[in-house]
2 protein chains.
Amino acid sequence: MSKTSIGWVGTGIMGRPMVHNLLRAGYPVTAYARRREQLEPLIEAGAQTATSLSEISAGTDVSIVMVADTPDMLEVITADGGLMDGAPSGHTIIDMSTVSPTRTRYVSEQLQARRIAMLDAPVSGGEVGAIEGTLSIMVGGPEEVFREMRPIFDVLGGQVRHIGESGAGQVAKACNQLLVAQTMAAVAEAYLLAQASGVSRERVREALLGGFAYSRILEVHGERMLNDDYQPGFKAELHYKDLHIVAQEARIMGLKLPGSEAVLDLMEELVNQGDGELDSAALAKIVGQRAKAP
Amino acid sequence: MSKTSIGWVGTGIMGRPMVHNLLRAGYPVTAYARRREQLEPLIEAGAQTATSLSEISAGTDVSIVMVADTPDMLEVITADGGLMDGAPSGHTIIDMSTVSPTRTRYVSEQLQARRIAMLDAPVSGGEVGAIEGTLSIMVGGPEEVFREMRPIFDVLGGQVRHIGESGAGQVAKACNQLLVAQTMAAVAEAYLLAQASGVSRERVREALLGGFAYSRILEVHGERMLNDDYQPGFKAELHYKDLHIVAQEARIMGLKLPGSEAVLDLMEELVNQGDGELDSAALAKIVGQRAKAP
């Protein structure tokens, strides 16, 4: 039985290693990028290439999208000459970008009308997870399509979960991002209190790791903060974008989420002061600046 | 070699099982309580009793205090006829209550002038931890006194750490409490977003537990929130008191900690609406009320 053929759009820091993993697992992959030079290492690894998006979806069973933001996703899938234009009935589009849940449902409905299936499948775990194939993948869309695509997800991720209908994967990712950001801000406040009190942040962290205050954020990002080590990791400008999605969804749902708004504001200041390329744990810098402001 | 004799003040929900553990470990314990009936089960278990605080400190090597709040601690130790009055030079007072770090340093200095040693040693882990002797104990004060008292801490706790000089244990506890409260509020916001989006909170929680959003709070209190199960656990009114300590210390240090202020405000509303006896994870109720307020 020949393997599902895959079309791939989005060969950035995340997409590239994911394509390598699919090729290694024996999937035929056809990749597309606006800038041809991005494809060179993938061609060497055995990927085919296409010169247009519609060619990608016309010539493969499944198109996978891994782009930066909602407008990119919309353009890649729904613009003239996009994936939707080329895709035959029965094709599946998997969007692994982190984008708006509401827009995801909207695109999914358009595709459904043309008998094209769509899954939203945003990931967490960063570049390391992409390289090692250990991403956490949160999937929304029809369960039977999820089951069909499961072998592909298992190549790319360590923990793969079907969350619910279309958009549910994006909602889970939004929840993840608001929780991570708020926990980072709280860790930053704890460190400030310790430091101002003349108490070792390291020892406080160690003590707290052993109790109910334990979080992966305190463990991993809490250590980055101790060392002012903000090499990304996950860039602040992307986390900022994700917190915008949270704020937008909350507004659509008529929800006030003040904690999420507060960390959006912190991340915005971080990006505005030119630190968008740092790891998003650098929001500790803003928490510190504001804590000591007169 | 005979064991260190221990005086104990504070036989509430935490103190009582802690005394039982010390008795079981073979320590002679003399307990004091204003209400005599609180002592009955301890007498049955082998405790001696005293009729005044100064008698406690006069007749034992180490006095341990486990009371509810800063004013109680101050009264027990420094008021006329309190522990300080009875304690001979060379006595040690261990305060395991959760109280103000600044007040702790103040009391410690008074005691030091009389050659009475003091450790602050607040705990986390709740009633279950007290019963099972698995509390996390965060200790401030002179390291040599900490080492001397270590065998006692090891009976009461599972993880025992010396954080720093006098007050450092209380600072660590304050950091713990602000971090726990903010994480609970963030989990509540994530759940609200999921629910309003028609997505299963259970599945979002499961997915998030596998990634960077993992926290003990998401695991333990996140489950309470799903089930609206707010049996304490750790009472909201006590967490409210602890967040007050955080706010007070921040003010003393000239720090603005808006995340901590926000959860103090949530916890205050929870207590004011008559829910102070619930587990503090019930602040999710307030997050929900405010999220949906017109």
From the option list A:285, A:292, A:235, single residue qualifying as within 18 Å of the chain's Cα centre (by Cα) and of a type outside the set (Gly, Ala, Ser) is A:235
Restricting the first residue to segment A:48-65 and requiring it to be more than 13 Å from residue A:5 (Cα to Cα), which pairs with a second residue that is surrounded by fewer than 18 Cβ atoms within 10 Å (Cβ to Cβ) meet a Cβ separation below 7 Å and a spacing of at least six or different chains? A:50/A:59; A:52/A:81; A:53/A:81; A:54/A:81; A:54/A:85
I'm checking my understanding of the structure. Among residues of segment B:83-99 that are small (Gly, Ala, Ser) and crowded, with 24+ Cβ neighbours inside 10 Å, which one is nearest to residue B:239 (Cα to Cα)? B:97
Looking only at residues that are of a type in the set (Ser, Thr, Tyr) and over 16 Å from the mean Cα position of the chain (by Cα) in segment A:103-138, which one is surrounded by the most Cβ atoms within 10 Å (Cβ to Cβ)? A:108
When you check residue B:205 against the structure, is it free of Cβ contacts under 8 Å to residues at least 24 places away in the same chain and in a helix (DSSP H, G or I), yes or no? yes
Using the structure shown, decide if residue A:164 is within 8 Å of chain B (Cβ to nearest Cβ), at pLDDT 95 or above and farther than 26 Å from residue B:258 by Cβ. yes
Could you run through segment A:208-223 and say how many residues are touching a residue at least 24 places away in the same chain (Cβ under 8 Å) and either part of a loop (DSSP other than H, G, I, E, B) or of a type in the set (Phe, Trp, Tyr) (or both)? 0
Conditions (1) under 28 Å from residue B:210 (Cβ atoms); (2) touching a residue at least 40 places away in the same chain (Cβ under 8 Å) -> residue A:261 fails only (2)
Taking into account only those residues within segment B:201-223 that are surrounded by fewer than 22 Cβ atoms within 10 Å (Cβ to Cβ) and aliphatic (A, V, I, L, M), which is farthest from the other protein chains (Cβ to nearest Cβ)? B:209
Restrict the check to segment A:146-155 and report whether at least one residue is outside any helix (DSSP H, G or I) and either buried (at least 21 other Cβ atoms within 10 Å of the Cβ) or within 9 Å of chain B (Cβ to nearest Cβ) (or both). no
Residue check, residue B:75 against (1) under 17 Å from the mean Cα position of the chain (by Cα); (2) closer than 25 Å to residue B:245 by Cα; (3) not in a loop (DSSP other than H, G, I, E, B), all met but one. Which one? (1)
Would you say residue B:25 is of a type outside the set (Lys, Arg) and either at pLDDT below 95 or closer than 30 Å to residue B:277 by Cα (or both)? no
State which residue is nearest to the other protein chains (Cβ to nearest Cβ) when the search covers only segment A:224-236 and only residues that are crowded, with 17+ Cβ neighbours inside 10 Å and of a type outside the set (A, V, I, L, M, F, W, C). A:233
Given the condition free of Cβ contacts under 8 Å to residues at least 24 places away in the same chain and out of contact with any Gly (no Cβ under 9 Å at 6 or more places or on another chain), answer yes or no: does some residue in segment A:177-188 qualify? yes
Just checking, does segment A:239-248 include any residue being modelled with pLDDT of 95 or more and at the interface with another protein chain (Cβ under 9 Å from one of its Cβ atoms)? yes
Filtered residues of segment A:172-200 (kept if more than 7 Å from chain B (Cβ to nearest Cβ), over 14 Å from residue B:215 (Cα atoms) and part of a helix (DSSP H, G or I)): A:173, A:188, A:191, A:195
When (1) part of a loop (DSSP other than H, G, I, E, B); (2) surrounded by 17 or more Cβ atoms within 10 Å (Cβ to Cβ) are applied to residue B:64, the one that fails is (1)
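The values are calculated or read from the model by the stated rules, or taken from the named source; none is laboratory data. Since this is a predicted model, take the numbers as computed values, not measurements. Note: ideal-geometry Cβ built from the backbone for every residue, glycine included; neighbour counts use all protein chains shown.
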